[in-house]
């Protein structure tokens, strides 16, 4: 499992009822391309990176909202320039903005028995943020909105992260100084 060695966790997006295979493949391609666009534009000297650096804990709520708004406009502009359709852009933008704010990067999207999002956490703290986003339902809501906008229909979805995958990633990230805690299950 080479993806674990980079601090990447697979997040399985399951649909009830299952999506038609073609729709699942098309949506996966949109997410993969959007992830590539966002990753290419998030370099150390980019405006995106500068905005993320401004999100410090000492900012007021209003200041954080202003920075988030600028980040949202920036990501949306990048996705538009990259050819992401209007119907997918708004909600997909919110998925990526929220991941980036938590220090998480989507590195790949593929299909299997579901859509599998590979998300890279650069630190133990960002991995804990991913766990919290899943635990409280933030990531589920963002992805639900994105899927429903894409397919123009309401559908049930749920997320599965295998404890084994999470703990392998945590073990990798903890090999450098940091916190360590095993995950029992967030499935």
Subject >> Single residue of the range 106-118 satisfying the filter (modelled with pLDDT of 90 or more and surrounded by 20 or more Cβ atoms within 10 Å (Cβ to Cβ)) that is nearest to residue 93 (Cα to Cα) >> reply: 106
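Rundown of residues vs (1) part of a helix (DSSP H, G or I); (2) at pLDDT 90 or above; (3) touching a helix residue (DSSP H, G or I) at 6+ places or on another chain (Cβ under 9 Å); (4) farther than 21 Å from residue 139 by Cβ, yes/no style:
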site: 27; (1), (2), (3), (4): yes, yes, yes, no
site: 34; (1), (2), (3), (4): yes, yes, yes, no
site: 53; (1), (2), (3), (4): yes, no, no, yes
site: 70; (1), (2), (3), (4): yes, yes, yes, yes
site: 75; (1), (2), (3), (4): yes, yes, yes, no
site: 98; (1), (2), (3), (4): yes, yes, yes, no
**OP:** Inspect the range 35-50 for any residue being surrounded by fewer than 18 Cβ atoms within 10 Å (Cβ to Cβ), over 18 Å from the mean Cα position of the chain (by Cα) and closer than 23 Å to residue 127 by Cβ and give the result as yes or no.
**Re:** yes
Original post:
Can you tell me how many residues in the range 148-165 are in a loop (DSSP other than H, G, I, E, B) and more than 21 Å from residue 8 (Cβ to Cβ)?
Top reply: 4
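One line per residue, one yes/no per condition, for (1) assigned to a helix (DSSP H, G or I); (2) within 16 Å of the chain's Cα centre (by Cα); (3) within 28 Å of residue 87 (Cα to Cα); (4) modelled with pLDDT under 90:
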residue	(1), (2), (3), (4)
120	no, yes, yes, no
140	yes, yes, yes, no
145	yes, yes, yes, no
187	no, no, no, yes
**OP:** Quickly run through the range 78-92 and pick out the residues that are outside any helix (DSSP H, G or I) and more than 15 Å from residue 149 (Cβ to Cβ).
**Re:** 82, 83
Original post:
When the range 125-139 is examined, which residues are found to be surrounded by 16 or more Cβ atoms within 10 Å (Cβ to Cβ) and either within 17 Å of residue 94 (Cβ to Cβ) or in contact with a strand residue (DSSP E or B) (Cβ under 6 Å, 6 or more places away or on another chain) (or both)?
Top reply: 126, 127, 129, 130, 133, 134, 139
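The values are calculated or read from the model by the stated rules, or taken from the named source; none is laboratory data. Please read all numbers here as calculations on a predicted model, not as lab measurements. Neighbour counts run over all protein chains shown; Cβ positions are idealised from the backbone, glycine included.
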